[in-house]
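In what follows, a structure is listed as structure tokens, so that the remarks can point back to it.
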Amino acid sequence: MARQSDFTPEEWRTLAAGPMAAGMYVILSQLSGPVGLVEESWAIASEVRDATRSENELVRAIADADRAAARHVLPEMPGDRQTARVRLLDGVREAMAALGAKAPADVDAYGQWLYAVAEKTAAAAKEGGFLGIGGTPVSAAEKAALAELAAVLKVKP
């Protein structure tokens, strides 16, 4: 299993930003309003916190480092939403490439983790409806974002 010392500081930052990038990619696929944004952001933080108990040493190390930091590692974000989505997905690709090159044994566990973060984010807030009444648990745009992430992460949804 890989350790932080196996990666350059830039590669480690990219890996550490992966969970936030995957979750934010889903969030930006369909904006949910202020309450939905809080619920979806909480889902990301919750999945990262829960990963401190992961069986995979690398996933656990990333989650532990995130928990010990004063704030989550965030990917760099441009101002407009579409460019931000492209950058987030590129960040996930970069993380998977770094892992594939240096720690191929960890690729599946890391990819499954990022997908779980994205899935929980998508399900965290209803889309549409009014004051929590009606709406759908996962919108078509979020489903499309999950499918795109699954392809990049090489996981089965």
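Counting only trypsin sites (Lys or Arg not before Pro) that sit in a DSSP loop (anything but H, G, I, E, B) with at most 13 other Cβ atoms within 10 Å, what is the longest stretch of the chain containing none of them? Here the longest run is 72-153. Among the GluC sites (Glu not before Pro) found in region 1-74, those both in a DSSP coil and sparsely packed, with 15 or fewer other Cβ atoms within 10 Å of their Cβ, are Glu55.
Taking the charge dipole of the chain about its Cα centre, with +1 at Lys and Arg Cβ atoms and -1 at Asp and Glu Cβ atoms, the residue from Val26, Val48, Ala98 reaching farthest to the positive side is Val26.
For the chain, place one equal point scatterer on every Cα, skip the solvent, and apply the Debye formula. What is log10 of I(q)/I(0) at q = 0.10, 0.14, 0.19, 0.21 Å⁻¹? The Cα Debye sum returns log10 ratios of -0.33, -0.64, -1.15, -1.37. Rounded to the nearest 10 degrees, the inclination of helix 107-123 to the longest alpha-carbon principal axis of the chain is 20 degrees. Within region 1-86, none of the chymotrypsin sites (Phe, Trp or Tyr not before Pro) combine a DSSP coil assignment with at most 10 other C-beta atoms in a 10 angstrom radius. What angle, in degrees between 0 and 90 and rounded to the nearest 10, separates the Cα long axis of helix 9-27 from the longest principal axis of the Cα atoms of the chain? Long axis of 9-27 versus the principal axis of the chain: about 20 degrees.
Values quoted throughout were computed directly from the atomic coordinates according to the rules given, and no laboratory measurement underlies them. Owing to the predicted nature of the structure, the values given are computational and were not obtained by experimental measurement. Neighbour counts run over all protein chains shown; Cβ positions are idealised from the backbone, glycine included.
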